[in-house]
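Q: Right, I'll just put the structure down here and ask away after.
The values are calculated or read from the model by the stated rules, or taken from the named source; none is laboratory data. Fair warning: this is a prediction, and the values are worked out from it, not measured in the lab. Cβ atoms come from the backbone with ideal geometry, glycine included; neighbour counts cover every protein chain shown. For accessibility, only protein heavy atoms count, side chains too; no ligands or nucleic acids. Shrake-Rupley method; radii C 1.70, N 1.55, O 1.52, S 1.80 Å.
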Amino acid sequence: MNLFVGNLSWGVTQDELHAAFAAFGQVGSAKIMMDRETGKPRGFAFVDMPNDGEAQKAIEALNGKDFKGRPLNVNEARPRENRPRPQNRW
């Protein structure tokens, strides 16, 4: 199950995020999303947990819990919506 993790503190590392979710089961990957232009964290991440039961336990345990000074927003990730690309007006 792919999980969305929002409201991340700016100083959280991928290793710290991975460790927080690994307490509830196997973690396939933990990826903090970065701004393409600035290279700085965008304040959210995606964590993949292969076992749905373990992922559900992580959601229940971590959603709303303080992590590095901010309450996490953890839920099942939804597929990205297709957004129309802006037309080049030149």
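To keep it simple, each residue is scored yes or no on (1) of a type in the set (Lys, Arg); (2) at pLDDT 95 or above.
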| position | (1), (2) |
| --- | --- |
| 44 | no, yes |
| 47 | no, yes |
| 54 | no, yes |
| 57 | yes, yes |
| 76 | no, yes |
| 83 | yes, no |
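Q: Here are some residues: 30, 61. Which one is more than 10 Å from residue 5 (Cβ to Cβ) and either modelled with pLDDT under 95 or surrounded by 13 or more Cβ atoms within 10 Å (Cβ to Cβ) (or both)? Please lay out each step first, then the result.
A: Working: 30 fails: more than 10 Å from residue 5 (Cβ to Cβ).
Only one candidate passes the filter, namely 61.
Q: Does region 47-54 contain any residue that is in a strand (DSSP E or B), under 17 Å from residue 72 (Cβ atoms) and either open to solvent by less than 50 Å² (accessible area, probe 1.4 Å) or among the aliphatic types (A, V, I, L, M) (or both)? Explain how you work it out, then say what you get.
A: So in region 47-54, the residues in a strand (DSSP E or B) come out as 47-48.
Applying the additional criterion that residues be under 17 Å from residue 72 (Cβ atoms) yields 47-48.
From what's left, either open to solvent by less than 50 Å² (accessible area, probe 1.4 Å) or among the aliphatic types (A, V, I, L, M) (or both): 47.
Checked region 47-54: at least one residue is in a strand (DSSP E or B), under 17 Å from residue 72 (Cβ atoms) and either open to solvent by less than 50 Å² (accessible area, probe 1.4 Å) or among the aliphatic types (A, V, I, L, M) (or both).
Q: Further, regarding this structure: Just one of the numbered conditions (1) touching a strand residue (DSSP E or B) at 6+ places or on another chain (Cβ under 7 Å); (2) loosely packed, with under 12 Cβ neighbours inside 10 Å; (3) touching a residue at least 40 places away in the same chain (Cβ under 8 Å) is not true of residue 78; which one?
A: Just one mismatch for residue 78, condition (1).
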